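Chemist: Okay, here's the structure, questions in a sec.
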Amino acid sequence: MLKKILYSVHRVLGTILSILFLIWFLSGFVMIYHTFPKVSDEDRYAHMDVLSPNISCLDSILVKNDSIEKLILKSYAGNLYIETAISDSLIKLSVDSNIQSFPEPDFEQIEKYAKKWCDAEIARVDTLRELEQWIPFGRLKNDFPIYKFYFSDIDKHELYISSVTGEVLQFTDKKNRFWAWFGAIPHWVYFTSLRQNSQLWIDVLVCLSGTGCIMCLFGIIIGIRSYIIQYRKKKKLRTPYKKLAYKWHHILGFFFGIFVFTFVFSGMMSLADVPGWIVKVHNPDIQKDLFKTKSICSRDFKLDYTKILKQYPNQIKSIEWSYFGDLPIYKIIIDNKMRVFNASNEEVRLLSIGKQDITDRLTKIHKDSINIQLINEYDNYYNGKRYQMPLPVYKVTVDDLDKSTYYINPENGNIQYFNTNTKVRRWTYQGLHSFKINFLLKHPLLWNILMWTVLIGGTLVSITGVWLGFKYIKRKIKRLKNYICNLYKTKNNTCH
């Protein structure tokens, strides 16, 4: 009975999912080198307006309201404005003699901004009120209407700009659109009708991946069981199947089945959290406390931002008032990079966080023992393949129940936090899916050999699965036709 269930479930699920598995593995080859188009921060910074070095003092805004949680000075189409958050409400204020609401950009301003992104002429502009393949995310509905600019250059660039904010939402060319159709779109099931509903998209992929895991596990059990039975009978470790497709599906599944399972399982874990009943999170409020926003107070900022404007004339594009713990800082975009300055004294100097600054911040969250060390090498939790993470960083380990670990960049204060639960998720997702393991990342040739071997093996297993599924459907159709024919015979004693 158990044997029949194993074979039936594996056969039926394999017939349904084998084509999807084949698509996932084939698109995986492309995903090694190309992902879904995305506008980088550097590109955004490069096309922002430069701030005038002669800006009137903004302290009056800060003094009037002590509940400002965000404060950024920017310029759009030559007009200065402040982006601020008061009581969770995002507000844009025009910077002139009378502080007032900053108006939404008009089409002429947006078109002028669009021309900065490409040297070619604008061929045409569409006004979109529905999401498209390259902007499939439901949250972008708040930006309707969206202007889509087509450029007449050889690379066929297309630019999407929000009519509400005037900001670029997407920028693509024919090359990354081409590779996305063979890589990210089928691999992530990035189809607009599904992707615009984030929760539905997640539920569908988790359901498909979870069902695929069951199919793989049953197949692995069947494969091992078949070898054991054959060894007991013939005293030889060989496949019992004679037909070519069954034979190779069994052999390939035996050697690569575990990798097919880990790929599908880790893909599911890219969208699912590790349940608390498996790995408990003892203090779930740590991340909320860690990134809690402190209200901006002008008295904390001893450094006058106009000094930085004068030191970097015609280079500064944005100034943000912020904190690292209680330490006031300026996050400033200079040319196409963000730099962070220490604002706790009058001297213009870049931020350089020390152990004491980290201790002051984390002791407010943890009462446990804290160990801080400056590291110059990557480890299994702080690394990257496509985008290299900056070094050196401070690695902070806390002797608490969650085994909290922090990676803090001393130059900008950026923090990555891991606890036992998120460490397990990193292994079950990035460790198993993209082999983001420090040893492999330090040996790129080995990483590529392993990745290509596994993808080739998974592809071959899927191809044989597709063929067996086709044969299974063909047999079912034939049996159904015979059944219908027999019924017809019984009633009419003839069959045409």
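The values are calculated or read from the model by the stated rules, or taken from the named source; none is laboratory data. It should be emphasised that the depicted structure is a prediction, and the values quoted were computed from it without experimental measurement. For neighbour counting, all protein chains shown are included, and Cβ atoms are generated from backbone atoms with ideal geometry for every residue, glycine included. Heads up: the accessible areas ignore ligands, DNA and RNA and are worked out on the full protein's heavy atoms, side chains in. Shrake-Rupley method; radii C 1.70, N 1.55, O 1.52, S 1.80 Å.
Chemist: Criterion first (farther than 21 Å from HIS249 by Cβ and touching a strand residue (DSSP E or B) at 6+ places or on another chain (Cβ under 6 Å)) does VAL30 satisfy it?
Modeler: Working: farther than 21 Å from HIS249 by Cβ: yes; touching a strand residue (DSSP E or B) at 6+ places or on another chain (Cβ under 6 Å): no.
Answer is no for this residue.
Chemist: If you check every pair at least six apart or on different chains, which have Cβ atoms under 7 Å apart with a residue in region 459-477 that is of a type in the set (A, V, I, L, M, F, W, C) first and a residue that is open to solvent by 80 Å² or more (accessible area, probe 1.4 Å) and assigned to a helix (DSSP H, G or I) second?
Modeler: VAL466/ILE19
Chemist: While we're on this one: Given the residues VAL260, VAL274, which is the only one that is β-branched (Val, Ile, Thr), under 17 Å from LYS423 (Cα atoms) and modelled with pLDDT of 90 or more?
Modeler: Values: VAL260 fails: under 17 Å from LYS423 (Cα atoms).
Matching residue, one of VAL260, VAL274: VAL274.
Chemist: Moving to a separate point now. Can you find, within region 85-125, the residue that is modelled with the lowest pLDDT among those that are more than 16 Å from ASP49 (Cα to Cα) and of a type in the set (S, T, N, Q)?
Modeler: Among those that are more than 16 Å from ASP49 (Cα to Cα) and of a type in the set (S, T, N, Q), it is SER97.
Chemist: I'd like to check something: does region 228-240 contain any residue that is out of contact with any Gly (no Cβ under 9 Å at 6 or more places or on another chain), open to solvent by less than 30 Å² (accessible area, probe 1.4 Å), closer than 30 Å to LYS331 by Cα and not hydroxyl-bearing (Ser, Thr, Tyr)?
Modeler: No; the residues of region 228-240 include none that is out of contact with any Gly (no Cβ under 9 Å at 6 or more places or on another chain), open to solvent by less than 30 Å² (accessible area, probe 1.4 Å), closer than 30 Å to LYS331 by Cα and not hydroxyl-bearing (Ser, Thr, Tyr).
Chemist: Now for a separate question. Just to be sure before I move on: is LEU51 surrounded by fewer than 19 Cβ atoms within 10 Å (Cβ to Cβ) and either hydrophobic (A, V, I, L, M, F, W, C) or at pLDDT 90 or above (or both) in the structure I sent? Please lay out each step first, then the result.
Modeler: On the way: surrounded by fewer than 19 Cβ atoms within 10 Å (Cβ to Cβ): no; either hydrophobic (A, V, I, L, M, F, W, C) or at pLDDT 90 or above (or both): yes.
Spelling it out, it is not the case that LEU51 is surrounded by fewer than 19 Cβ atoms within 10 Å (Cβ to Cβ) and either hydrophobic (A, V, I, L, M, F, W, C) or at pLDDT 90 or above (or both).
Chemist: Consider LYS331 against the criteria (1) farther than 20 Å from LYS292 by Cα; (2) touching a residue at least 12 places away in the same chain (Cβ under 8 Å): it satisfies all of them except one. Which criterion is unmet?
Modeler: (1)
Chemist: Right, here's the next one. Scan region 360-374 residue by residue and report those that are at pLDDT 95 or above and either within 27 Å of the chain's Cα centre (by Cα) or of a type in the set (S, T, N, Q) (or both).
Modeler: Of everything in region 360-374, those that are at pLDDT 95 or above and either within 27 Å of the chain's Cα centre (by Cα) or of a type in the set (S, T, N, Q) (or both) turn out to be ASN371, GLN373.
Chemist: Quick one: GLY384 ticks every box in (1) open to solvent by less than 80 Å² (accessible area, probe 1.4 Å); (2) in contact with a strand residue (DSSP E or B) (Cβ under 6 Å, 6 or more places away or on another chain) bar one, so which box is it?
Modeler: (2)
Chemist: Now for a separate question. Is it fair to say THR165 is on the phi < 0 side of the Ramachandran plot, surrounded by fewer than 18 Cβ atoms within 10 Å (Cβ to Cβ), within 30 Å of the chain's Cα centre (by Cα) and part of a loop (DSSP other than H, G, I, E, B)? Talk me through it step by step, then tell me what you get.
Modeler: Details: on the phi < 0 side of the Ramachandran plot: yes; surrounded by fewer than 18 Cβ atoms within 10 Å (Cβ to Cβ): yes; within 30 Å of the chain's Cα centre (by Cα): yes; part of a loop (DSSP other than H, G, I, E, B): yes.
Yes, satisfied.
Chemist: Does SER434 meet the test of being under 35 Å from the mean Cα position of the chain (by Cα) and within 19 Å of SER18 (Cα to Cα)? Walk me through it before giving the result.
Modeler: Numbers: under 35 Å from the mean Cα position of the chain (by Cα): yes; within 19 Å of SER18 (Cα to Cα): no.
Judged against the criteria, SER434 is not a match.
Chemist: Need at least 2 residues that are small (Gly, Ala, Ser) per element, so show me which strands (runs of 3 or more DSSP E) inside region 314-430 make the cut, counting only ones lying wholly within it. Reasoning before the result, please.
Modeler: Details: elements: 316-324, 327-334, 337-342, 370-375, 393-398, 405-408, 415-418.
Here the list reads 316-324.
Chemist: Tally time: how many residues in region 351-373 are under 19 Å from ASN412 (Cα atoms), surrounded by 12 or more Cβ atoms within 10 Å (Cβ to Cβ) and either in contact (Cβ under 8 Å) with a residue 24 or more places away in the chain or charged (D, E, K, R) (or both)? Let's see the steps before the verdict.
Modeler: Taking region 351-373 as the starting set, the residues that turn out to be under 19 Å from ASN412 (Cα atoms) are 351-362, 372-373.
When the remaining residues are screened for being surrounded by 12 or more Cβ atoms within 10 Å (Cβ to Cβ), the result is 351, 353-355, 357-362, 372.
Filter once more, so that each one left must be either in contact (Cβ under 8 Å) with a residue 24 or more places away in the chain or charged (D, E, K, R) (or both): 351, 353-355, 357-358, 360-362, 372.
Within region 351-373, residues that are under 19 Å from ASN412 (Cα atoms), surrounded by 12 or more Cβ atoms within 10 Å (Cβ to Cβ) and either in contact (Cβ under 8 Å) with a residue 24 or more places away in the chain or charged (D, E, K, R) (or both) number 10.
Chemist: Separate question: Within region 174-215, track down each residue that is in contact (Cβ under 8 Å) with a residue 40 or more places away in the chain and either in contact with a strand residue (DSSP E or B) (Cβ under 7 Å, 6 or more places away or on another chain) or open to solvent by 50 Å² or more (accessible area, probe 1.4 Å) (or both).
Modeler: Passing the criteria: TRP179, PHE182, TRP188, PHE191, THR192, GLN196, ASN197, SER198, LEU208, ILE214.
Chemist: Looking only at region 438-489, how many residues end up being surrounded by fewer than 13 Cβ atoms within 10 Å (Cβ to Cβ) and either under 37 Å from the mean Cα position of the chain (by Cα) or of a type in the set (A, V, I, L, M) (or both)? Explain how you work it out, then say what you get.
Modeler: The first filter runs over region 438-489 and keeps only residues surrounded by fewer than 13 Cβ atoms within 10 Å (Cβ to Cβ), leaving 439, 442-445, 449, 453, 473-487, 489.
Filter again for either under 37 Å from the mean Cα position of the chain (by Cα) or of a type in the set (A, V, I, L, M) (or both), leaving 439, 442-445, 449, 453, 473, 477, 480, 484, 487.
Residues in region 438-489 being surrounded by fewer than 13 Cβ atoms within 10 Å (Cβ to Cβ) and either under 37 Å from the mean Cα position of the chain (by Cα) or of a type in the set (A, V, I, L, M) (or both): 12 in total.
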